[in-house]
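> A single structure is presented below for examination.
The values are calculated or read from the model by the stated rules, or taken from the named source; none is laboratory data. None of the values given here were measured: they were computed from a predicted structure. Note that each Cβ is placed from the backbone with ideal geometry, even for glycine, and that neighbours are counted across all protein chains shown. Note: areas computed on protein heavy atoms with side chains; ligands, DNA, RNA excluded. Shrake-Rupley method; radii C 1.70, N 1.55, O 1.52, S 1.80 Å.
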Amino acid sequence: MFEEWFPLTSKLLNRLGGVHRSVKASSSLWSRLGPTWYVSRWWSSDSLASMQYSLLCLIDVAHTERLEIQPLVAALADEHRGQYRRRLRLLARRMDGNASLLSALEKTPDALSDNTVLAIRFGTQSGALGRTLEHLIEDTKPSFRPAVAGQKNAKAYWFVLGACMLLLLEAIMYFIAPTFNKLSREFETGLPAAMQALLRMHQFATTNILTILIAFFAVVWLLRSSWMRRFARRQIGDRILGSHSVTLSVQLLRMLAVAVEAGRPLPGALSTLAKYHFDKGTRQRLLLARNEVEQGVPAWNSLVDAKILTPDEFQVLDAAANKRVRSWTLRKMASVKQDWIQSREDRQKAFAHPAFILVFGALLLWICYAFFSILVNMIQQLAS
């Protein structure tokens with residue numbers, strides 16, 4: 001019944017994977033306001049990717065049904081909280097100022113990911129925006145990954161363990177260490193090297209506690225700030241992160257698959273990507289491929305020369321019988337690389353937890369050894 005009466009709303013809710021209805025059954029103001037629909041609960045910890053996915057689904061529905069996108073984005077902003085709500089409101093205000101959706105997205109970082117915005121730009125100029133949005137929704141749909149879910153719990157565990165370790169260390173150094181230091185002076189055994197190093201570390205931390213706290217919160221702020229993450233992605237990601245270049249290759253293969261499927265000439269697709277790609281290194285490689293095409297080199301060969309495709313990938317694509325097979329091959333290559341990226345990230349996150357525990361174990365072992373060494377020295381002094 002609901003689907004028959006409200007087909008557009010039903011389609012949007014299905015794309016979003018279901019929303020949560022909250023009703024306050026009381027005589028308060030909330031009950032007079034009536035039922036309210038929420039995409040995310042206030043206590044939920046939705047990731048940025050899932051919130052971006054909801055906006056992408058909204059754009060797809062608006063494009064399919066030929067609806068005005070600005071009021072829909074403004075309404076979606078009220079269904080989110082925090083920083084992403086502010087981004088969506090800024091996006092809606094820019095579109096309200098006669099800016100196009102694409103222009104507003106490019107001026108509002110992290111409303112959608114850089115790769116998604118580039119794909120929308122590419123689909124718009126290629127005349128295949130509908131197919132591009134469909135593939136984007138299919139490729140970016142959030143899925144449950146045990147390693148990612150476990151990492152969220154591990155971060156809380158790390159924080160609690162770190163706080164307990166700091167409190168324990170401070171209590172030991174404030175109440176127990178002075179007593180052991182006094183005993184070592186009375187027995188004239190001297191402090192062992194491990195204890196001296198522990199005392200120096202504690203003294204340094206106590207003396208510079210304000211500077212350490214400021215540096216810690218500055219690093220946390222930088223890591224969480226959107227502009228810092230954007231700078232890392234666009235300027236240094238390809239040089240530092242090994243998987244970053246593979247991620248860029250995945251997105252390029254998917255966009256080329258859309259162009260091939262739509263029957264668009266490859267030189268035009270390369271020109272668009274070379275002009276608008278956000279990554280400096282990839283943009284230079286695309287410019288090289290485009291220049292070679294203009295000099296008469298076949299388009300697929302130019303991608304090999306620009307190191308966008310490997311020789312093996314070129315041979316597979318060159319053997320494709322038609323554009324449908326070639327488009328499927330490009331998407332399959334992208335899927336294989338994406339699976340490799342996810343498996344590598346899962347391995348890294350699975351390794352992070354035991355590594356963190358080992359660091360804390362080493363610190364605890366150091367403390368135990370420092371105090372045990374004092375006892376051993378005193379026993380040897382009494383025995384002699």
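> Please give the residues of the stretch 244-266, grouped as numeric ranges, whose backbone N is less than 17 Å from a label point set 7 Å along the Cα-to-Cβ vector of residue 339.
247, 250-251, 254
> Could you check the spin-label model distance between residue 358 and residue 186? Points 7 Å from the Cα along Cα→Cβ, value in nm.
Using points 7 Å along Cα→Cβ, the separation is 4.2 nm.
> Something else: Enter the accessible area per residue of the stretch 70-212 (Å², integer; probe 1.4 Å; all protein chains in place). Let's see the in-between values first.
On the way: 8070 Å² over 143 residues.
Per residue, the stretch 70-212 has 56 Å² of solvent-accessible surface.
> With a Förster radius of 51 Å, plug the Cβ-Cβ distance of residue 137 and residue 203 into 1/(1 + (r/R0)^6) and report the FRET value to the nearest 0.05. Could the numbers behind the result be given before it?
Working: r = 57 Å, r/R0 = 1.12.
The value I calculate is 0.35.
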